[in-house]
Amino acid sequence: EDTRIRSFFEKNKAKVTTIKKKMTQYIGGVFGGPVTYDANDLRPMHYGMNISDYHFDAILDIIRGVLKESGSKPKDITDALLLLQPVRADVTTGFTVRQEMARKNVEKGKDQMFKRLGGSEGITALMDQLFNIATTDVRIKDFLLKDKDRIKAGMTVYFVEILGGPKAYKGKELGEIHKTLGVNDYHFDAFMGDFGRALLGTGHQDALIDEVMVSLEPVRCDVLGRSRDISDVSVMKDGKPLIERYGGDMNLETVVESMYDKLVEDPRVRYHFEKAKAKQRQIRRKMYQYLSGAF
């Protein structure tokens, strides 16, 4: 049901049964039960799935909610999530590696990517292939079939520009276009999947496909009306900043003091925070200043 990760789990019944079984085996072993899942299978199994930290955090968020609903104690929930954190690297490595390699190539200039895509003609052909796929995709076809020709023409001009071609797009902002359509992460993931298949179908190599997909991922925020600046996320709600909703500066100072005490006790990070009193005060002050601005 969760739109953030639905595209990874919306499979046929047999596949769903297999996924549930493997998740049960792995989580059961991590939580102290019988070890029946080979952890060495995690990385190769997830490598080609393009699971990012965003998706992994969404899964942890769901697990947190399920444990809470089942009556688990807050401390037990925290311990459970900490036990699952080490698997993050195995699950997200494929996306991370491809993203970094693609980003290095993109930094050389999108004009090179534009040429390798075949220029405007190549991207136009890519749009033809994309629409052949997407307009038969039950997950998103209804968004495209209402005014197919106009949407396709606008998208072609937009993608020519964003993929390194001439800056000719003069349409509305993406957020304005999509704000009343009910588009969510699930729909965007479906579109990205179709885009990847269209790239493959037009004969492009894996390295170029990765570059294109990395270049398009930031568009998610524009389409879904989110800020690309992480510092803007969830700061304001009901007209109040987070620090005000949390109780003001005094409460934040208390949080910083408590947090620092915990950091000094935690053997994983104690080395970095066990300092002379003057240095500790300086670190606390810097932490407070940063959190005050972030909140």
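Show that you can apply the helix-only estimate: for the chain, add -39,500 (n - 2.57) for every DSSP H stretch of four or more residues, divide by all residues, and state [θ] at 222 nm to the nearest 500.
-20500 deg cm²/dmol
About its Cα centre, what dipole magnitude does region 88-164 give when the only charges are +1 on Lys and Arg Cβ and -1 on Asp and Glu Cβ, stated in debye to the nearest 20?
The dipole of region 88-164 has a size of about 160 debye.
Find which of Pro267, Thr93, Gly122 sits farthest along the positive direction of the dipole of the chain, computed with +1 on the beta-carbon of Lys and Arg, -1 on that of Asp and Glu, about the Cα centre.
Pro267
Need the list of aspartates and glutamates near Lys279 for cross-linking: C-alpha distance under 16 angstrom, and skip anything on the same chain fewer than eight residues off.
Correct list for Lys279: Glu257, Asp261.
Go from 0 up to the bin containing the longest alpha carbon distance in region 123-228, width 5 Å each, and give me the % of pairs per bin.
Pairs per bin, as whole percents: 2, 12, 22, 28, 24, 10, 2, 0.
Straight-line reach from Lys22: which lysines have Cα under 25 Å away, leaving out those fewer than 8 places along the same chain?
Lys22 reaches Lys11, Lys13, Lys68.
On a 0 to 90 degree scale, rounded to 10, what angle separates helix 74-84 from the longest Cα axis of the chain?
50 degrees
Mind checking the per residue accessible area of region 32-124 for me, 1.4 Å probe, whole number of Å²?
Numbers: 5740 Å² over 93 residues.
Roughly 62 Å² per residue, with all protein chains present.
I'd like the carbon and sulfur percentage of the solvent accessible area for the chain, probe radius 1.4 Å, heavy atoms only, ligands and nucleic acids excluded.
Answer for the chain is 55 percent, counting heavy atoms of protein chains only.
What's the angle, to the nearest 10 degrees (0 to 90), between helix 13-30's Cα axis and the longest principal axis of the chain?
Helix 13-30 sits roughly 20 degrees off the main axis of the chain.
So for the chain, averaging the separation of alpha carbon pairs under 8 Å that are six or more residues apart and normalising by length, what relative contact order in percent results?
Relative contact order comes out at 16 percent.
If you average the sequence gap of Cα pairs under 8 Å that are 6 or more apart and divide by the length of region 21-122, what percent do you get for the contact order?
32 percent
Using only the alpha carbons of the chain, what is the convex hull's orientation-averaged projected area in square nanometres?
20.0 nm²
The values are calculated or read from the model by the stated rules, or taken from the named source; none is laboratory data. Not measured: the values here are computed from a predicted model. In this analysis, Cβ positions are derived from the backbone assuming ideal geometry, glycine residues included, and neighbour counts consider all displayed protein chains. The accessibility values were calculated without ligands, DNA or RNA, using every heavy atom of the protein model including side chains. Shrake-Rupley method; radii C 1.70, N 1.55, O 1.52, S 1.80 Å.
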